[in-house]
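To keep things clear, I will list the structure first and then write my remarks on it.
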Amino acid sequence: MSTPANKTEKPFLSARELCIMALLTVILFAQEQLMNFLPNINFTILLMVLYAKTFGFVKTGMIITVYLILDATFMASLNPIWTTGQWIAWMTVPLLICTVFKKTEDSLKLAFAGALCAFLYCWVMILPTMWVLHTPFVPYLIKDVPFELLLAASSFLGILLLYDPLQKLLKKLLRMEG
Amino acid sequence: MKNKKVLWAILAVIVIAAAYILIAKPFTPKGDGSITVKVTDIDQKLIKEKKIVFKTGDKLTDLVKNNFSNVVIDNGMLMKIESLDTPSDWAQFIAIWTNGKLAEVGIETLPYADGDVLEFRMTVNEYAGK
């Protein structure tokens, strides 16, 4: 039975917020596709950090899940082991940002957090890659280092330069909610 | 604080450039020699075999393009060679084998030496669409 108090409670997800989240999911997917010609250089972690800071863990998890299904379907890599591994790897971003770095707002510190997330993502992905592609561990680990550096450095740079203006923009967009 | 951020940004750009060069730098042999290159279909039936003579500094991509027809290399990946064609859904792909071992890198950075046997083999992509 509803009471007058919970009648005025803000819903978990408003229609407007849902639309904005859908748009942000498309941006996450589109930027990765647009930057696909560059090896491991993208703004995926920047956007995930931004979304996690703005929407929190659960809603960012929803964005990541939809993005991952879209990405895996488009890239023909929808595989239970690979995609689950990728989901776990990507979920480390909002998990860390919403726990360890919950109170961090400085873009330099968040840039380091983003770089850490990039390395974690790459390391978590070693296991499903070995499983699915039968890749030997040591050669993969060695050959992956420059790719890890590219993802970490591009995420670091993206967060350092773009996190503050994008956060202002996103907050402005969300404040327009009536 | 702003100066600190600028310095970190410069460092990040240097790391990106260095890592990119490391990845994108094509392999070139340090001596002359010859390699045998085979193209095989999904049933490992030989489509074409050719012995290719190379010189110091020759890129494998150029050697393959000059000695085989219908060669398409996209984003470092061999997409087409002779009658082999990677389908758009990636259900099959052209795997590279060096001396009977599956190559760990793509065609642009694949090391090769005198007497090596390379094979471009159409392979079922076991992890696509499962």
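Laid out as a table, the results:
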| read-out | value |
| --- | --- |
| Averaged over A:154-160, number of beta-carbon atoms from partner chains that fall within 10 Å | 4 |
| Among A:Ala152, A:Ala22, A:Ala118, residue whose mean-square fluctuation peaks in a GNM of chain A (springs only between Cα atoms under 10 Å) | A:Ala22 |
| Counted charge near A:Ala52, where neighbours are those whose Cβ lies closer than 12 Å (Asp, Glu -1; Lys, Arg +1) | +3 |
| Charge sum, other residues only, whose C-beta stays under 10 Å from A:Asn40's C-beta, Lys/Arg counted +1 and Asp/Glu -1 | -2 |
| Nearest 10 degrees, 0 to 90: helix A:44-74 Cα axis against chain A principal axis | 60 degrees |
| Cα→Cβ-extended label distance, 7 Å offset, between B:Ala91 and A:Val145, nm | 4.1 nm |
| Solvent exposure, largest accessible area first (probe 1.4 Å, DNA, RNA and ligands not counted), of B:Leu110, A:Leu141 | A:Leu141, B:Leu110 |
| Percentage relative contact order, chain B, counting C-alpha pairs under 8 Å, at least six apart | 28 percent |
| Relative contact order computed over the stretch A:15-175 (Cα-Cα under 8 Å; 6+ residues apart), in percent | 30 percent |
| Gain on full stretching of the segment that runs from A:Leu127 to A:Leu162 - 0.36 nm per residue minus C-alpha separation | 9.4 nm |
| Per-residue SASA entry for A:Trp87, accessible area with 1.4 Å probe, Å² rounded to 10 | 100 Å² |
| Over 32 Å between alpha carbons, listed pairs A:Lys53/B:Lys5; B:Lys80/B:Lys101; A:Lys59/B:Lys5; A:Lys59/A:Lys143 | A:Lys59/A:Lys143 |
| Rounded to 5, percent antiparallel among DSSP beta bridges of the protein assembly as shown | 80 percent |
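The values are calculated or read from the model by the stated rules, or taken from the named source; none is laboratory data. Bear in mind that the values here come from a model prediction, so they are computed numbers and not experimental data. Cβ: placed from backbone, ideal geometry, glycine included. Neighbour counts: every protein chain shown. The area values use the complete protein model at the heavy-atom level, side chains included, leaving out ligands, DNA and RNA. Shrake-Rupley method; radii C 1.70, N 1.55, O 1.52, S 1.80 Å.
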